[in-house]
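The structure under discussion appears below in the form of structure tokens.
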């Protein structure tokens, strides 16, 4: 006698033959990616054919935790970190759009090294407070430059079922089917 399977062997979705990259949709200016799907191998800025880079992690936490920053900064950090959702996606960028973040990243590293050199110089001059303050300002600039070079897309919502990202170019968004 043959046993009947307890789990279904066929997927429940009617679009089971659709590739994971084609499951991405557009919702206004947002890119909606269902769980388990990926972005197409096209530049997310200009829609040109692109190499897909290494996966980037996009994290999001409920903005309600931002109100705790005025109460206690550590409570805000701990709550946001514990309750954040994240997704790892490989984002495609053409060579033209891949070049700009790379140079910003280099500039951030050079600025960080310049900040360390300025701090080291503060030990050998009379105006050490002024030079140390300059080092902190240089590090702040390096952090701003580094964060600008971080991701081509930004997460606006992440859950177990989907991720919503902003920052895609108009040509890429037009190539995605509407939600």
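Every read-out reported here was derived from the displayed coordinates using simple, explicitly stated rules and does not represent laboratory data. Here the structure is a predicted model, which is why all the values come from computation and not from measurement. For neighbour counting, all protein chains shown are included, and Cβ atoms are generated from backbone atoms with ideal geometry for every residue, glycine included.
Give the residues of region 30-62 that are within 30 Å of residue 171 (Cβ to Cβ) and free of Cβ contacts under 8 Å to residues at least 24 places away in the same chain, sorted by residue number.
To start, the set of residues in region 30-62 that are within 30 Å of residue 171 (Cβ to Cβ) comprises 30-60.
Matches in region 30-62: 36, 37.
Considering region 155-169 alone, what residues qualify as being surrounded by 13 or more Cβ atoms within 10 Å (Cβ to Cβ) and on the phi < 0 side of the Ramachandran plot? Please lay out each step first, then the result.
Taking region 155-169 as the starting set, the residues that turn out to be surrounded by 13 or more Cβ atoms within 10 Å (Cβ to Cβ) are 155-158, 162-169.
Selection gives 155, 156, 157, 158, 162, 163, 164, 165, 166, 168, 169.
Six or more apart or on different chains, Cβ atoms under 8 Å: show the pairs whose first residue is in region 101-114 and farther than 11 Å from residue 144 by Cα and whose second is exposed (fewer than 12 other Cβ atoms within 10 Å of the Cβ). Pairs found: none. Which residue, of 130, 89, 83, is surrounded by 14 or more Cβ atoms within 10 Å (Cβ to Cβ) and either more than 16 Å from the chain's Cα centre (by Cα) or within 30 Å of residue 165 (Cβ to Cβ) (or both)? Checking each option against the conditions leaves just 89.
Considered as a group, the residues in region 50-68 that are out of contact with any strand residue (DSSP E or B) (no Cβ under 6 Å at 6 or more places or on another chain) and closer than 22 Å to residue 101 by Cα include one that is surrounded by the most Cβ atoms within 10 Å (Cβ to Cβ), and that residue is 56.
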